[in-house]
Amino acid sequence: MRPEWAPLTVDLDRPSAARVWDFLLGGSHNFRVDRAFAREMMIQMPDAQVIARENRAFLRRAVRFLSEQGITQFLDIGSGIPTVGNVHEAARAVRPGARVVYVDNDPVAVTHGSALLKDDPNTLVIEGDLGSPGAFLGAGGAADLLDFTRPVAVLLLAVMHFVPDSADPAGIMAQIRERLAPGSYLVMVHGSAETDAHHAVQEMYQRTPTALTMRPRAEILRLFDGFELVAPGLVSPSDWRPEPPGEPVLKSPGYAGVGRL
Ligand SMILES: C[S@@+](CC[C@H](N)C(=O)[O-])C[C@H]1O[C@@H](n2cnc3c(N)ncnc32)[C@H](O)[C@@H]1O
């Protein structure tokens, strides 16, 4: 049955990346089809929930780092269904006036995010497709809240691997980069299939509306073209400035980095 909060455009019969991720993070905006998919995935990757949490922990550390560098504007593309510790919360712990634009192409993510943030004048939630950044970067989109003549941090966390090679990921990155002022940042987490289990998960996603294209490290590195990676470079999300430093953590099947323009 369709719950009241679910927009009419939601497909209840096919799992969605946003809702599967919500389930892995312990959220409640998912359906039976998403939970079944996530459980099947956890047979291949029993650590899937830990990986999702590690990804969010990286997000919070990276946003705090950027806020400490003076960044007050954030553009979170493929932001997902809001959970605890969203970008605006992490940023405002350091910069109370931080402004954040959230973009996603999933109707549940957009509807729920808009409802949650409707009274917050310093956030904006937009329905948009990473495949066509020109459609949401300008006036009537992110530029309604963010001043692109000043530095902006663009976050692409666990979303670029939903962009197939045929959609020209390098071209998409160039369109985003050209919009940014010097001193802007790119934050990215990207999946990389390094075991049979990762390949099996990638295969599973082919039957969802969001097929996965995990990429080798060298290709992910190229997506940072034009940006200079800050230390420690492109590493497992849990190895990016861990807290406390040196704590043993799970190695996610992917890479995380923060680059400065
Ligand atoms: C794995 S979730 C990651 C969510 C969040 N960034 C995080 O790291 O916790 C991927 C998100 O990207 C969104 N997404 C996938 N393809 C997209 C596209 N082409 N344009 C915009 N969002 C997309 C999905 O709807 C989903 O919310």
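Observations, loosely collected:
- Restricting the range 68-92 to residues that are of a type outside the set (S, T, N, Q) and near the ligand (Cβ under 10 Å from one of its atoms), the residue that is nearest to Leu146 (Cα to Cα): Asp76
- Of all the criteria given as (1) closer than 30 Å to Gly183 by Cβ; (2) at pLDDT below 95; (3) in a loop (DSSP other than H, G, I, E, B), the one not satisfied by Asn55 is (3).
- Residues of the range 39-70 satisfying the condition of being open to solvent by less than 40 Å² (accessible area, probe 1.4 Å) and either in contact with a Cys (Cβ under 6 Å, 6 or more places away or on another chain) or of a type in the set (Lys, Arg) (or both): Arg56, Arg61
- The residues of the range 80-101 that are outside any helix (DSSP H, G or I) and either among the hydrophobic types (A, V, I, L, M, F, W, C) or open to solvent by less than 20 Å² (accessible area, probe 1.4 Å) (or both), listed by number, are Gly80, Ile81, Val84, Gly85, Asn86, Ala93, Val94, Ala98, Val100, Val101.
- Of all residues making up the range 1-38, the number that are of a type in the set (S, T, N, Q) and either surrounded by 12 or more Cβ atoms within 10 Å (Cβ to Cβ) or not in a loop (DSSP other than H, G, I, E, B) (or both): 2
- Hey, Phe65 closer than 25 Å to Trp240 by Cα, touching a residue at least 40 places away in the same chain (Cβ under 8 Å), outside any loop (DSSP other than H, G, I, E, B) and more than 11 Å from the ligand (Cβ to nearest atom) or not: yes
- Inter-residue pairs, beta-carbon under 7 Å, first closer than 11 Å to Trp240 by Cβ and in the range 47-59, second more than 7 Å from the ligand (Cβ to nearest atom) and small (Gly, Ala, Ser), 6+ apart: Glu54/Ser238; Glu54/Ser252; Asn55/Ser252; Phe58/Ala256
- Search result, residues across the range 111-130 that are surrounded by 15 or more Cβ atoms within 10 Å (Cβ to Cβ) and either at pLDDT 95 or above or among the small types (Gly, Ala, Ser) (or both): Gly113, Ser114, Asn122, Thr123, Leu124, Val125, Ile126, Glu127, Gly128, Asp129, Leu130
The values are calculated or read from the model by the stated rules, or taken from the named source; none is laboratory data. What you see is a predicted model; the values in this text were computed from it and never measured. Here the Cβ is made from the backbone with ideal geometry for all residues, glycine too, and neighbour counts use every protein chain on show. Just so you know, the surface numbers come from the protein's heavy atoms only, side chains and all, with ligands and any DNA or RNA stripped out. Shrake-Rupley method; radii C 1.70, N 1.55, O 1.52, S 1.80 Å.
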